[in-house]
Every structure is written in structure tokens, then in C-alpha cells.
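**Q** Pasting a structure here, questions to come.
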Amino acid sequence: MNPDVILEFSNITKQFSKGQVTALDDVSATVRRGEVVAILGENGAGKTTLIDLILGLTTPTAGRIEVNGQSSRNAVNAQQVGAILQTGGLLPDVTVEDTLKMIASGYSEHVALADVVKQARLEPLLKRKVGKCSGGEQQRLKFALALLGDPELIMLDEPTAGMDPSARRNFWADIHARAERGTTVLFTTHYMDEAEDFSKRIIMLHKGRIMADLDTPSMLALSKSVLVEANFPGAAPELSERTEVDEVTWLSSAAGEPAGTSRRVRLRTRDSDSLLRHLVTETDATDFTVQRAKLDDIFISMQRDADVAADATPDVAVAAGN
């Protein structure tokens with residue numbers, strides 16, 4: 001493995017129910033040291049399954065995963081990987097302080113408890129029982145536990161689920177500080193703003209496949225385009241070859257129109273003025289809407305394209321997994 005690469009997974013497939021459900025299908029990527037990577041996808045896209053595979057909690061049906069040039073389980077056993085998972089792992093009747101001490105006792109070497117307490121902002125919570133902590137406070141405890149082994153790679157599975165906005169900001173400030181020290185971070189999230197603000201790279205999963213893998217600036221450059229929608233009664237003009245049009249999506253008949261009498265089109269453009277001038281002066285388009293595209297829009301558009309491609313080639317369609 002290239003010494004600059006900390007994680008590599010090649011042609012990973014994971015199936016459940018004796019092959020009846022494919023959670024991941026031929027997924028490949030490499031992650032370099034110090035990268036902060038967001039893994040996005042709808043429920044069932046395969047995000048949690050991928051996290052579990054990287055942590056060695058399950059094995060792939062096919063393909064290979066290496067962390068620091070070794071198997072996932074060996075890397076975890078060598079304290080090179082830390083994780084914050086969605087559920088489980090905490091005893092509600094044990095104090096925060098005793099939880100830290102108990103988990104630390106299982107390490108051959110660990111970061112000083114005072115240091116992880118400070119990094120995770122746990123000082124006011126040490127004597128509190130875990131079951132009395134809020135969801136955000138429990139996530140901070142999990143963060144501290146993930147830091148005990150001084151890992152080179154931290155996996156975060158929906159780490160801010162259930163947190164209020166203030167807790168989310170504080171949590172990501174802590175993660176950002178850790179990343180600045182060179183730790184590699186992979187995280188899954190349903191919050192698109194977290195991917196925009198805190199990742200250097202975005203991997204989008206859909207139905208077990210990678211449908212996009214771009215550095216964050218490139219992904220956001222797509223989301224800075226403009227979406228123009230319009231209705232076309234009768235025959236519609238050819239728009240895909242216009243230089244100012246980046247993407248054409250034909251929608252169903254417009255609301256309130258009989259099927260087949262009017263079609264609505266969504267156009268992605270970076271020159272909305274020129275496009276609108278053309279539509280108004282040279283076509284019979286009506287009922288315009290114009291809005292700035294967001295990362296959510298890019299994601300939904302890519303999902304739609306992937307589904308259309310899958311429908312066109314049903315033999316490679318993939319069942320949704322975990």
C-alpha cells in the first residue's frame with residue numbers, strides 16, 4: 001500500500017440473506033492520510049455497512065479492505081482506528097469518569113484521561129451517570145473513548161444525530177481540531193451542511209454503489225449552479241446542446257395539465273440570464289421558476305440519474321441494504 005494511503009477498499013461487495021440483499025456492490029476507494037471524508041446516502045444506501053466493514057465488525061462477501069496495509073481487524077486491535085457508532089456501547093448506570101477508566105484499562109497504552117476529557121469537553125460531566133447524559137453529551141463521551149488509543153483513523157457514523165445546533169457546532173469544532181493534527185476522519189451524516197463545512201471530500205452512495213466521489217470544492221461547484229424550471233406545451237425544443245445548459249431533466253406533466261399536453265423541464269445552468277433570455281424570446285416556455293441549487297439538489301439529481309440507468313439495465317440493479 002502507498003504510504004500516503006491509510007485506507008483502501010477494492011471491489012467490495014456485501015450481501016445479506018444468503019445473497020438476496022446486496023448492501024454494497026463493487027465499491028472501491030482510497031483515502032489518504034489527513035483527509036476528512038463525508039459519506040452521504042439515503043437510508044439503506046450502505047453507509048453503515050461500509051463503516052462496519054472498515055471496522056472489521058463484519059467481512060465482505062467479495063473484495064478487499066486494508067487499513068495501514070493490514071486487515072481491518074488487525075488495525076483496530078493495534079489501536080490505529082477509533083469509532084463513534086450510532087447505538088450501543090455505553091452502560092447507563094456507570095458514571096462518565098468510570099466509563100473512561102474502564103475502557104482505558106483495556107488498552108496496553110492510552111492517551112492520558114485528562115487529555116481526552118479536555119478534548120471532548122467532559123469536565124462538567126465526569127460524576128454524572130451516562131444514562132443521565134443527553135444524546136449530545138453521550139456522543140461527546142463516545143468521542144473521548146474513540147480518542148483513547150490515539151488512532152490515526154476515526155470513523156463517525158451519524159455522530160451528531162439528536163444533537164441540538166449548539167452541540168453540533170461544538171462537536172465539529174472538536175473534530176476539526178483533531179483533524180488539524182493529521183488524524184484521518186471518515187463520517188456519515190444526513191446533514192448536508194456538515195458535509196459542506198467539514199469535509200475535504202464527499203463520497204455519495206446510492207443503493208450500495210458509489211455514484212459520486214469528488215473533492216468538496218468540486219462538489220460544491222456543482223451545487224453553485226442554478227436550477228431553472230419551465231413548462232413546454234406540445235413539442236419541446238432540444239436544449240441539451242446549448243452551451244449554457246449543464247444538465248436537462250424532463251419531469252412529468254405539469255401540475256394541473258392533462259397527461260401528455262405539457263411537460264416540465266429542469267435545467268441546470270451557470271448562466272441563468274442567457275438561458276432565460278433564450279427561453280423567453282425563442283421558445284413557448286411558460287411558468288418559470290429559478291432557484292440556487294444546493295448539495296441536496298445535486299444528491300437528488302444524481303439519485304434520479306442512477307435510478308434511470310438502473311431501470312435501463314435491470315440485470316445490474318441492486319437491492320437496498322443497511
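**Q** Rounded to the nearest 10 degrees, what's the angle between the helix 272-282 long axis and the longest principal axis of the chain, both from Cα atoms, 0 to 90?
**A** 20
**Q** Can you compute the charge dipole magnitude of region 89-148 about its Cα centre, using +1 on each Lys and Arg Cβ and -1 on each Asp and Glu Cβ, nothing else charged? Give it in debye, rounded to the nearest 20.
**A** 220
**Q** Testing the spin-label approximation: label points 7 Å from Cα along Cα→Cβ at Lys224 and Trp250. State their distance in nm.
**A** Those two pseudo-labels are separated by 3.2 nm.
**Q** Under a Cβ-only charge scheme (Lys and Arg +1, Asp and Glu -1), can you give me the dipole magnitude of the chain about the Cα centre, in debye to the nearest 20?
**A** Result for the chain is approximately 1040 debye, rounded to the nearest 20.
**Q** Using only the C-alpha atoms of the chain, find the volume of their convex hull and express it per residue in Å³.
**A** That works out to 171 Å³ per residue.
**Q** Kindly express, to the nearest 10 degrees and within the range 0 to 90, the angle between helix 135-147's C-alpha long axis and the longest C-alpha principal axis of the chain.
**A** Orientation of helix 135-147: about 60 degrees from the principal axis.
**Q** I've got another one for you. Run the helix sum for the chain: -39,500 (n - 2.57) per DSSP H stretch of 4+ residues, divided by residue count, reported at 222 nm to the nearest 500 deg cm²/dmol. Mind dumping the intermediate values first?
**A** Working: 10 runs with 103 residues, N = 322.
That calculation yields -9500 deg cm²/dmol at 222 nm.
**Q** Can you work out the base-10 log of I(q)/I(0) for region 20-111 at q = 0.14, 0.26 1/Å, using the Debye formula on its C-alpha atoms alone?
**A** Computed log10 I(q)/I(0) values: -0.67, -1.50.
**Q** From a point 7 Å beyond the Cα of Asp296 in the direction of its Cβ, which residues of region 181-222 have a backbone N at a distance under 12 Å?
**A** Only 191-193 fall inside the zone, counting backbone N under 12 Å.
**Q** What's the FRET efficiency of Asp115 with Arg169 using the Cβ-Cβ distance as r and R₀ = 25 Å, to the nearest 0.05?
**A** Result of the calculation: an efficiency of 0.70.
**Q** Modelled label-to-label distance, Glu196 and His176, 7 Å Cα→beta-carbon offset: nm?
**A** Simple spin-label model gives 1.5 nm for this pair.
**Q** Now a separate question. Length gain on complete extension for the stretch Ala161 to Ala309, per 0.36 nm per residue less the alpha carbon to alpha carbon distance?
**A** Length difference between fully extended and current span is 50.1 nm.
**Q** Let me ask something additional. Compute the FRET efficiency between Arg64 and Val21 as 1/(1 + (r/R0)^6), taking r as their Cβ-Cβ distance and R0 = 22 Å, and round to the nearest 0.05. All intermediate terms of the calculation are to be shown ahead of the outcome.
**A** On the way: r = 21 Å, r/R0 = 0.98.
The value I calculate is 0.55.
**Q** Note down the magnitude of the dipole of region 21-67 about its Cα centre, charges +1 on Lys and Arg C-beta and -1 on Asp and Glu C-beta and zero elsewhere, to the nearest 20 debye.
**A** Result for region 21-67 is approximately 180 debye, rounded to the nearest 20.
**Q** Take Ser134 and Thr286, extend 7 Å from each Cα along the Cα→Cβ direction, and tell me the distance between the two endpoints in nm.
**A** 5.2
Only the coordinates and a few stated rules stand behind these numbers; no lab work does. Everything numeric in this text was worked out from a predicted model, so none of it was measured. Cβ atoms come from the backbone with ideal geometry, glycine included; neighbour counts cover every protein chain shown.
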